[in-house]
Amino acid sequence: MEKEKIKQAAEMIEKADYPVVLTGAGISAESGVPTFRGKSGLWKKYDPEAAVSISGFRRDPEPFWNFAQELLLEHDVQPNPGHIALAQLEDLGLIELVITQNIDFLHQRSGSNKVLELHGTLNKATCLNCNKKYDWEDLVPVIKAGKIPECDNCKSSKIKPDIVFFGERLPEAALNQAWEAAERSDLMIVIGSSLAVYPVASLPAVTQDNGGKLIYINADSGQQDYLFDLIIQGKAGEILPEILKIIN
Ligand code: OAD
């Protein structure tokens, strides 16, 4: 592991006035949640248009539920040491906000309280026909049985999770909040994201343009490595607990 760099990251976090974190699928990889890009990424297996576009979902929700089943139910998905270290850094007052692209709600499950979910969450769902609300837990037994959830009020099969499908707008209030946080932040730590999907991928540059520093913790190189002041290559679930250990 990159010991010197980990020490440097810990110092930067302790010194920062308004440190924020931006996470992507990589932080959940060690929890058994597959990432999107790369050799065994979900987009090698699923057609995003069929599985996660709003028009595809309205036409036929089945590909989406297959995708959701693989994302969260194929393994016993639990927060990993990376999520937990971030929650503890928040408890210590060393993280102001976690901005995430993930829909797996693992940050909240590990105890992070200040989380902005820019791509929405699988934790809640709404019937497109009658607006009845559902929790993920209500839907799990049906998905596990390989069936498509059906609304128990109106019998529609269009129970849409509160995620941002391709073709939908990002939640405006959350996006504005993320932008403001990125502008105000003097340190953004980007963890487990290829930084390939906009507008979220613009956030590190917003921080940098306002004089902030950038740390990248990622298993591989990403699409904007040139921006970063410090790059630590490796697994988030190993690096973040090491940073926390130094701070403690
Ligand atoms: P990607 O799959 O594009 O990138 C995940 C990144 O995490 C890659 O750069 C990996 O190298 C890295 N990684 C993998 N395992 C890791 C680990 N254990 N520790 C640290 N890094 C690791 O995922 P995102 O950048 O999150 O959007 O993708 C962004 C968006 O693209 C997703 O939110 C999704 C997708 O289309 C929607 O569904 C709207």
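The values are calculated or read from the model by the stated rules, or taken from the named source; none is laboratory data. Model, not experiment: these values are computed from the prediction. All Cβ positions, glycine included, derive from the backbone under ideal geometry; neighbour counts span all protein chains shown. When the accessible area is computed, the model is the full protein with side chains, heavy atoms only, and any ligands, DNA or RNA have been set aside. Shrake-Rupley method; radii C 1.70, N 1.55, O 1.52, S 1.80 Å.
Can you give the direction-averaged projected area of the convex hull of the alpha-carbon atoms in the chain, in nm²? Let's see the in-between values first.
On the way: hull surface 51.0 nm².
Over every viewing direction, the Cα hull of the chain projects on average to 12.8 nm².
Starting at the first residue of the stretch 101-110, write each ³J(HN,Hα) from the Karplus equation 6.51 cos²θ - 1.76 cosθ + 1.60 with θ = phi - 60°, in whole Hz, x for Gly and Pro.
9, 7, 10, 8, 6, 6, 4, 5, 5, 8
Rounded to whole Å and sorted largest first, list the principal axis extents of the Cα atoms in the stretch 81-141.
Principal-axis extents of the stretch 81-141 (Cα, largest first): 43, 23, 15 Å.
Evaluate the relative contact order of the chain (contact order divided by residue number), counting alpha-carbon pairs under 8 angstrom at least 6 apart; express in whole percent. Provide the component values of the computation, followed by the final result.
Working: 454 pairs, mean separation 62.9, N = 248.
Taking the mean separation of contacting Cα pairs over the length of the chain, I get 25 percent.
Any chance you could tell me what percent of the C-alpha pair distances in the stretch 59-103 go past 18 Å?
49 percent
Past 22 Å, Cα to Cα, is the threshold; run K39/K144; K15/K213; K3/K213 against it and keep the listed order. Don't skip to the answer; put the middle values down first.
Working: K39/K144 26 Å; K15/K213 11 Å; K3/K213 20 Å.
Too far apart for the 22 Å limit: K39/K144.
Over all distinct alpha-carbon pairs, what is the Kirkwood Rh of the stretch 24-146 in angstrom? Don't skip to the end; give the middle numbers.
Details: mean 1/r = 0.0643 Å⁻¹.
One over the average 1/r among Cα pairs gives 15.6 Å for the stretch 24-146.
Kindly flag which residue pairs out of K124/K235; K5/K245; K45/K158; K114/K147 have an alpha-carbon separation exceeding 25 Å in this structure. Provide the component values of the computation, followed by the final result.
Details: K124/K235 29 Å; K5/K245 14 Å; K45/K158 23 Å; K114/K147 34 Å.
Pairs exceeding 25 Å: K124/K235; K114/K147.
If you count the DSSP beta bridges with both ends in the chain, what percent of them are antiparallel, to the nearest 5? Write down the numbers at each step before the final one.
Working: 7 of 29 bridges.
Close to 25 percent.
Using a Förster distance of 35 Å, how high is the FRET efficiency between S156 and Y198, based on the Cβ-Cβ distance and rounded to 0.05? Before the final figure, lay out the partial values.
Values: r = 33 Å, r/R0 = 0.94.
Approximately 0.60, to the nearest 0.05.
Taking amide H positions as placed in the peptide plane 1.01 Å from N, state which residues far from L22 in sequence (5 or more) or on other chains have amide H under 5 Å from it.
I99, I189, V190, I191
At a Förster radius of 35 Å, what calculated FRET efficiency corresponds to the Cβ-Cβ distance of E137 and K3, to the nearest 0.05? If you can, show how the numbers build up before the last one.
Values: r = 41 Å, r/R0 = 1.18.
After rounding, the FRET efficiency stands at 0.25.
Would you mind computing, in nm to one decimal, how far apart the modelled labels at N129 and E238 are, each placed 7 Å from Cα along Cα→Cβ?
About 5.0 nm, to one decimal.
Using only the Cα atoms, what convex hull volume per residue in Å³ does the stretch 117-176 have? Don't skip to the end; give the middle numbers.
Details: hull volume 5.5 nm³, N = 60.
Normalising the Cα hull of the stretch 117-176 by residue number yields 92 Å³.
Counting only protein heavy atoms and a 1.4 Å probe, tell me what percentage of the chain's accessible area is made up of carbon and sulfur.
Working: 5380 of 11610 Å².
With neighbouring chains kept in place, the figure for the chain is 46 percent.
Which whole-number value in Å² is the accessible area per residue of the stretch 1-149, probe 1.4 Å?
Value for the stretch 1-149: 47 Å² per residue.
Taking all protein chains together and a probe of 1.4 Å, list M12, M188 from the most accessible to the least accessible. All intermediate terms of the calculation are to be shown ahead of the outcome.
Values: M12 45, M188 0 Å².
I get M12, M188, largest accessible area first.
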